[in-house]
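Engineer: Below is the structure I would like to discuss, written out as structure tokens.
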Amino acid sequence: MSKQPHVVVVGAGAFGGWTALYLLRRGARVTLLDAWGPGNSRASSGGETRVIRATYGPREIYTRLAARALALWKEHERRWRRQLYHGIGVLWLVEHDEQYEKAALPVLRDAGVTFEELTGAEVTQRYPQINCAQVRWAIFEKDGGYLTARRACAAVLEGFLAEGGEYRQLAVQPNVLPRGGELQGVTLSDGTTLTADRYVFACGPWLGSLFPDAIGDRVRATRQEEFFFGTPPGDRRFTEEALPVWADHGTRFMYGIPGNEWRGFKVADDTRGPAFDPTGGERLPGQEALQTARDYLAFRFPGLEGAPLLEARVCQYENSPDEHFIIDRHPAAANAWLVGGGSGHGFKHGPAVGELVARLVLAGEAPDPQFRLSRLAK
Ligand SMILES: Cc1cc2nc3c(=O)[nH]c(=O)nc-3n(C[C@H](O)[C@H](O)[C@H](O)COP(=O)(O)OP(=O)(O)OC[C@H]3O[C@@H](n4cnc5c(N)ncnc54)[C@H](O)[C@@H]3O)c2cc1C
């Protein structure tokens, strides 16, 4: 292509921000739009922290994507001279059903991910703060850890602006309709119309409201809660110096991050909550979810039984029906791409997704069938 293409990216979360940056680096002129700002408090990428891990059961595509993303997170930390990734490791505690973890082992090996297999007794010896009742064995991913979520989104925007991108804090009006096989432009919240050669919509849980026909309820937002508990004064056993991130794959999938950067000890439940409105939904934590977190904490980390709640967050997952991402052209617009369906695990992949989408949009490559919309019959 002789002329520098102009691409509009809608959404500056984990997927859109990185996509905008990589489009820029591939030579496009890029305008990035966000209704409320990168990693804002309504966005799925908002909040303090997100886990980065490569264990994905048999889903090799995500193990590879996570490994690539990790390399890119590290590269950008160096480039931007700021810490976004805390490589404290991730500990997968395996209880009764071990199919997922067993299937992950050869995939991790093939992808070159560094990990150890530990027995329950070895976990107890290494981390006496953890009650290993019911834990049969564990995977310890040495290079796993956590990422600073909203701050990373802000860093990506800063990097994007420094490299010549344009950012505008405006909303695209819902129900975007292509005509004649192409998208002609988008109407913005200030009443203007923005036109470009190509468009990427990375609108997280809002993707369905922008495209009721092409996406609709194929991206469903569910209410998710995170709780941050206080550790005893001066006690370092529950901070990131002493504990890794953990994922507890028992009857419920609980996970958490030890007190990060002097904040509380995070406990979250991966079980999908009820439907949630990402724009108008009130984000008051629920008593039932809090009790679940407290009970879990008392059982798995007995030293934190009765710990006070310091903070809580209500967020939403943007789920696709099979928890695979959606990365595909709009079925009725060859110049528009739809990117989303992070399904509770998208954040870590941000840089790798951005790199991939930029390639698809500008080099015309075809997306992996696992990401295509056609897999999701209506
Ligand atoms: C509680 C919780 C815990 C999670 N834990 C993890 C984890 O540990 N590890 C992990 O990898 N992932 C995790 N995830 C998932 C991950 O955070 C998401 O999959 C990812 O952040 C989604 O990014 P996104 O860019 O698709 O969406 P978003 O971050 O929601 O970004 C979409 C953006 O689009 C903007 N937007 C929407 N509509 C419009 C419009 N009409 N016009 C302009 N802008 C618009 C929004 O303002 C928003 O900024 C978790 C999610 C939650 C909620």
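The values are calculated or read from the model by the stated rules, or taken from the named source; none is laboratory data. Just so we're clear, the structure is a prediction, and the values are computed from it rather than from any experiment. Quick reminder, even Gly has a Cβ in these numbers, built from the backbone with ideal geometry, and neighbours come from all protein chains shown. Ligands, DNA and RNA are excluded from the accessible area calculation, which covers all protein heavy atoms including side chains. Shrake-Rupley method; radii C 1.70, N 1.55, O 1.52, S 1.80 Å.
Engineer: Which FRET efficiency value, to the nearest 0.05, do you get for GLU116 and GLU95 by plugging their Cβ-Cβ distance into 1/(1 + (r/R0)^6) with R0 = 25 Å?
Structural biologist: Values: r = 18 Å, r/R0 = 0.73.
That pair, GLU116 with GLU95, gives E of 0.85.
Engineer: So for the stretch 109-221, taking the charge dipole from beta-carbon charges (+1 Lys/Arg, -1 Asp/Glu), which of LEU170, ILE139, LEU194 sits furthest toward the positive end?
Structural biologist: ILE139
Engineer: Continuing with this model, one more query. Hey, what did the chain get for relative contact order, percent, Cα under 8 Å, at least 6 apart?
Structural biologist: 24
Engineer: Using Cα-Cα distances under 8 Å and only pairs 6 or more residues apart, what relative contact order does the stretch 304-355 have, in percent?
Structural biologist: Reported relative contact order: 32 percent.
Engineer: As an exercise, identify the trypsin sites (Lys or Arg not before Pro) in the stretch 138-212 lying in DSSP coil whose Cβ has no more than 16 other Cβ atoms within 10 Å. Kindly include the intermediate steps, with their values, before the conclusion.
Structural biologist: On the way: sites: LYS142, ARG150, ARG151, ARG168, ARG179, ARG198; in loops: LYS142.
Passing sites in the stretch 138-212 are LYS142.
Engineer: How large a share of the accessible area of the chain, in percent, is made up of carbon and sulfur atoms when the probe is 1.4 Å and the other protein chains stay in place? Write out the running numbers ahead of the final one.
Structural biologist: Numbers: 7690 of 15570 Å².
About 49 percent, which is the carbon plus sulfur part of the accessible surface.
Engineer: I would also like to ask the following. I'm a student and want to see the number: the projected area of the Cα convex hull of the stretch 278-378, averaged over all directions, in nm². Walk me through the numbers on the way to the answer.
Structural biologist: On the way: hull surface 38.8 nm².
Mean projected area for the stretch 278-378: 9.7 nm², to one decimal.
Engineer: In square angstrom, what is the accessible area per residue of the stretch 11-91 with a 1.4 angstrom probe?
Structural biologist: Working: 2740 Å² over 81 residues.
Each residue of the stretch 11-91 exposes 34 Å² on average to a 1.4 Å probe.
Engineer: On to the next question. With every protein chain left in place, what is the accessible area per residue of the stretch 156-293 in square angstrom, probe 1.4 Å? Kindly include the intermediate steps, with their values, before the conclusion.
Structural biologist: On the way: 6410 Å² over 138 residues.
With the other protein chains kept in place, the stretch 156-293 gives 46 Å² per residue.
Engineer: What is the Cα radius of gyration of the stretch 18-168 over 2.2 N^0.38 Å, N being its residue count? Show your work: numbers first, answer last.
Structural biologist: On the way: Rg = 18.3 Å, N = 151, 2.2 N^0.38 = 14.8 Å.
Ratio of Rg to 2.2 N^0.38 Å for the stretch 18-168: 1.24.
Engineer: Check the chain and count each lysine pair with an alpha-carbon distance under 27 angstrom, considering only pairs eight or more places apart or from different chains.
Structural biologist: Final tally of qualifying lysine pairs is 9.
Engineer: Report, in debye and to the nearest 20, how large the dipole of the stretch 286-378 comes out about its Cα centre when Lys and Arg carry +1 and Asp and Glu carry -1 on their Cβ.
Structural biologist: Details: 9 positive and 11 negative charges, 42 e Å.
Using only the charged Cβ atoms, the result is roughly 200 debye.
Engineer: Still on this structure, please answer the following. Comparing GLU158, GLU98, GLU282, which has the greatest mean-square fluctuation in the GNM of the chain with Cα pairs linked when under 10 Å apart?
Structural biologist: Greatest mean-square fluctuation among the candidates belongs to GLU282.
Engineer: What length, rounded to one decimal in nm, is gained on full extension from ALA377 through to GLN125, with 0.36 nm per residue of separation minus their alpha-carbon distance?
Structural biologist: Numbers: separation 252, 0.36 × 252 = 90.72 nm, distance 4.90 nm.
Additional length available on full extension: 85.8 nm.
Engineer: Please build a GNM for the chain, connecting alpha carbons under 10 Å apart, and tell me which residue among ARG236, ARG29, ARG64 fluctuates the most.
Structural biologist: So, out of ARG236, ARG29, ARG64, the one fluctuating most is ARG236.
Engineer: Next question. At 0.692 mPa s and 37 °C, plugging the Kirkwood radius over alpha-carbon pairs of the chain into Stokes-Einstein gives what diffusion coefficient in µm²/s?
Structural biologist: On the way: Rh = 21.3 Å.
Translational diffusion coefficient: 154 µm²/s.
Engineer: If you don't mind, there's one more thing I want to ask. What's the center-to-center distance, using Cα atoms, between the stretch 258-281 and the stretch 21-75 in Å?
Structural biologist: The stretch 258-281 and the stretch 21-75 have Cα centres spaced 18 Å from each other.
Engineer: Could you identify which residue out of LEU297, LEU194, LEU24 has the top mean-square fluctuation in a GNM of the chain using Cα springs shorter than 10 Å?
Structural biologist: So, out of LEU297, LEU194, LEU24, the one fluctuating most is LEU194.
Engineer: Another question, if that's okay. Extension gain ALA298-ASN40, at 0.36 nm per residue separation less the Cα-Cα distance, in nm?
Structural biologist: On the way: separation 258, 0.36 × 258 = 92.88 nm, distance 3.20 nm.
In short, 89.7 nm is gained.
Engineer: Then there's this: I'd like to verify something in the chain: which complete DSSP H helices, judged by Cα projection on the helix axis, reach 15 Å or more and average at least 0.5 on the Kyte-Doolittle scale?
Structural biologist: Working: long enough: 14-25 (17 Å, 0.80); 60-80 (30 Å, -0.78); 99-110 (18 Å, -0.53); 149-162 (20 Å, 0.94); 287-300 (19 Å, -0.66); 350-363 (19 Å, 1.36).
Helices meeting the span and hydropathy rule in the chain are 14-25, 149-162, 350-363.
Engineer: Can you compute the modelled spin-label distance between GLU182 and ALA133, with each label point 7 Å from Cα toward Cβ, in nm?
Structural biologist: 6.6
Engineer: Please report the relative contact order for the stretch 222-364, taking Cα pairs under 8 Å with a sequence separation of at least 6, and give it as a percent rounded to a whole number.
Structural biologist: Numbers: 215 pairs, mean separation 35.8, N = 143.
Computed over the stretch 222-364, the figure is 25 percent.
Engineer: Moving on. Tell me what the chain gives for mean residue ellipticity at 222 nm when only DSSP H runs of n ≥ 4 count, each as -39,500 (n - 2.57), the sum divided by the residue total, rounded to 500 deg cm²/dmol. Don't skip to the answer; put the middle values down first.
Structural biologist: Values: 8 runs with 98 residues, N = 378.
So the helix-based figure for the chain works out to -8000 deg cm²/dmol.
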